[in-house]
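Each reported figure results from applying straightforward, stated rules to the coordinates on display, with no laboratory input. Quick caveat, the model's predicted, so the values are computed rather than measured. Using ideal geometry, Cβ is built from the backbone for each residue, glycine included, and neighbour counts are taken over all protein chains shown.
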Amino acid sequence: MKIIDRYLAGAVVWGSLVTLAVLLPLIAFFLLADEMDLVKDQGYRLTDALIYVSLALPRFAYQLFPIATLIGALVGLGSLASRSELVAMRAAGVSIARIVAASMLGGLVLAAIAMAVGEGIAPIAEQEGMRLRTEALSGQATLTSPQGFWARDGDAFVNIREILPGAELRDITIFEVNEGRELTLATSAARGRQVDGAWVLEDIARSRISPDRVEVERLDRAAWHSGLSPSLLEVVVVQPQMLPIWGLHRYIRYMKANQQDAGPYEVAFWAKLVQPLLILAMPFVSIPLLLGSSRTTGTGARIFMGIVGGIVLYLVSRTFSYLSLLYGLSPVLAALTPPLLFVAVALWVLRRVG
């Protein structure tokens, strides 16, 4: 990579990371403000809220990367334009295409960072944050393992292999013990769900264990008096934003195999696939905004343009996501249309400026 390419790419990366460093504390402040209403509620402390907010920030960083890249490219390259460096480069024979390509190299670096955060750090951090938050609010200890979700419920130990959205449970086993920690009752149920605020188990096999024998009975349906709340179980409900791309792919296949609606997960899957391309495109989108009156445009105006562009991108993206879910629009089309529209407009402006 030549010196000029590194210089332009470095300006984009530096501007974007600084922008992200400014935006994330603001997000953290608003998240913490929301959590303050729960502090001292059922043992939820300020330290618990701070830990939860800290663990939630990687996901917000991942979601903010396109906007931060757009603002950062405008600020970083704009500072070069203000010092007439871009003009000097063009006067020295550096083409607009070369400036765009070098800027997009910075976008490539940022896309790689975003993928590392969004696919590696954010899903694990947010899942752990949700678990700690819910445990602090409910006072119940939980464990998520390869064998499913475990929780203590009074004198019983509950194992749930699968928790679906809407607090629908699959493959439930309940072990009840006496005061001497001896197993007295083991209950297995194929399904469980809440009906009118109470848990109901279906397709049940119940084993009563005594020192000299084991009695087994089968029930089609029975009430389950449990202290486990749907809010506690939401900790391990598969949320689209908490899954990496490969996790979303596996879960979509599972839901389709079980004839369930995988629409929100398909939209999230394609949005995550498009995210690196969107970040890569942001420096390209910024170039037309810088050319022309670049020397007379202040940093504040550039930041304002980046914020407006980011808001428009977010609104357009959300609109297409809702259209996909409501009207059966292709998730691929919903994910690709907003960035393609931005790139098309940028290309049109760039041609006029060129």
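For the reader, a short list of remarks on this structure follows.
- Local electrostatic count at PRO66 - Lys and Arg +1, Asp and Glu -1, tallied over other residues with Cβ under 15 Å: +3
- Per-residue ellipticity at 222 nm from helix content only, as computed over the chain with -39500 (n - 2.57) for each DSSP H run of at least four residues, stands at -21000 deg cm²/dmol.
- Longest segment of the chain lacking GluC sites (Glu not before Pro) that sit in a DSSP loop with at most 15 other Cβ atoms within 10 Å: 1-178
- Dividing the convex hull volume of the alpha carbon atoms of region 142-227 by its residue count gives 98 Å³ per residue.
- Within the chain, longest stretch clear of exposed trypsin sites (Lys or Arg not before Pro) (DSSP loop, no more than 15 other Cβ within 10 Å): 214-354
- Separation between Cα centres of region 19-96 and region 153-224, rounded to whole Å: 47 Å
- Answer label, with Rg and Dmax of the Cα atoms in Å calculated from the coordinates and candidates (1) 20.4, 66; (2) 26.3, 95; (3) 21.2, 68: (2)
- Computed over the chain with a Gaussian network model linking Cα atoms closer than 10 Å, the most mobile of PRO276, PRO25, PRO288 is PRO25.
- Taken as entire DSSP H runs, the helices of the chain that both span 20 Å or more between Cα atoms along their own long axis and average 0.5 or more on the Kyte-Doolittle scale are 3-35, 46-82, 96-116, 263-290, 299-327, 331-353.
- Other residues within the sphere of radius under 13 Å centred on the Cβ of VAL332, judged by their own Cβ, net out at 0 (K and R +1, D and E -1).
- For ALA222, the shell of other residues with beta-carbons less than 13 Å away shows a net charge of +1, using +1 for Lys and Arg and -1 for Asp and Glu.
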